[in-house]
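The next block holds one structure in the form of structure tokens; read it before the comments.
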Amino acid sequence: MLDRWTLRLVKRPLLKGASLLHRNGVTADQVTLSGFGVGICCLPALAMEWYGVALVFIVVNRIADGLDGELARLAGPTDSGGFLDIVLDFVFYGSVVFGFALADPSGNSLASAALLFSFVGTGSSFLAFSIMAERHGIEKIIYPTKGIYYLEGLAEGTETIIFLILFCLFPDAFVQLAYCFVFLCLVTVLTRAAGGYFILKNMVAAVEQKKG
């Protein structure tokens, strides 16, 4: 929901950083892998309840995620790079939630499981529609620089980052915050599923009408 505004705000500093890395021969894939390597360190940090340390790892990972996209656009995006970026992003998100379950298994496990459940819905609805959009040649109007069709929702990248930060700042409120995020994710799943279904259904109907 907030990505359309936050992406505009961070684009200039990310582009400056990416340009510097590009001039020094750093590739987008290298940043993706490095960012993931740092980000996944939040898992043991959270398990040991080092929430401040975990927060640093999370922030570095998210900055790297923005830099690799700008680097890819400077050097020319690749399907392999886009694939790697998406896979590692989802693994990273899951690792943060799992880390909180490890930090307090008795208190956080159910909320963590619910949040991972909702992540399956947001991720699958997002990726499934992007496949269909590519197949039908649907243009990326709102996010034209994205590698795949970016189907909007109530819970997007910005909201995810906000909640990951809040989890670390207020670990005692993880359960309440997690359920709030679960609600946003489930609303996103419903709106994406309905919106994507009717978009694709209407496209097929329009094609058949032209043929008739």
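Which whole-Hz ³J(HN,Hα) couplings does the range 89-97 yield from phi under the Karplus relation 6.51 cos²θ - 1.76 cosθ + 1.60, θ = phi - 60°, glycine and proline marked x?
4, 5, 5, 4, 4, x, 5, 5, 4
Against the 2.2 N^0.38 Å scaling, with N counting residues, where does the chain land? I'd like the Cα-based Rg ratio to two decimal places. Provide the component values of the computation, followed by the final result.
Working: Rg = 18.4 Å, N = 212, 2.2 N^0.38 = 16.8 Å.
After normalising by residue count via 2.2 N^0.38 Å, the value is 1.09.
How far apart, in nm, are two points set 7 Å out from the Cα along the Cα-to-Cβ line at Thr78 and at Val187?
Reported label-point gap for Thr78 and Val187 is 4.0 nm.
What is the distance, in nm, between label points placed 7 Å from the Cα along the Cα-to-Cβ direction at Lys210 and at Tyr197?
So the label points at Lys210 and Tyr197 sit 2.6 nm apart.
Hey, can you grab everything whose amide H is under 5 Å from the amide H of Leu154? Only 5+ residues off in sequence or another chain; H modelled, so Pro and N-termini drop out.
The list, which skips near neighbours in sequence, is Thr188.
Can you count the Lys pairs in the chain with C-alpha separation below 25 Å, eight or more apart or on different chains?
Lysine pairs, 8 or more places apart or on different chains, close enough: 9.
Sorted by packing (mean other beta-carbon atoms within 10 Å per residue), highest first, where do 171-179, 27-35, 4-12 land?
On the way: 171-179: 16.8, 27-35: 19.9, 4-12: 12.7.
Top to bottom by mean Cβ count within 10 Å: 27-35, 171-179, 4-12.
With 10 angstrom as the radius, rank Arg192, Arg135 by how many other C-beta atoms surround their C-beta, starting from the fewest.
Exposure proxy ranking, most exposed first: Arg135, Arg192.
Could you work out [θ]222 nm for the chain from helices alone, using -39500 (n - 2.57) per DSSP H run of at least four and dividing by all its residues? Round to the nearest 500 deg cm²/dmol.
-28000 deg cm²/dmol
Here, each number is a calculation from the coordinates, and none is a lab measurement. In this text the structure is predicted, and so the values were computed from the model without any measurement. Virtual Cβ from ideal backbone geometry, glycine too; neighbours counted across all protein chains shown.
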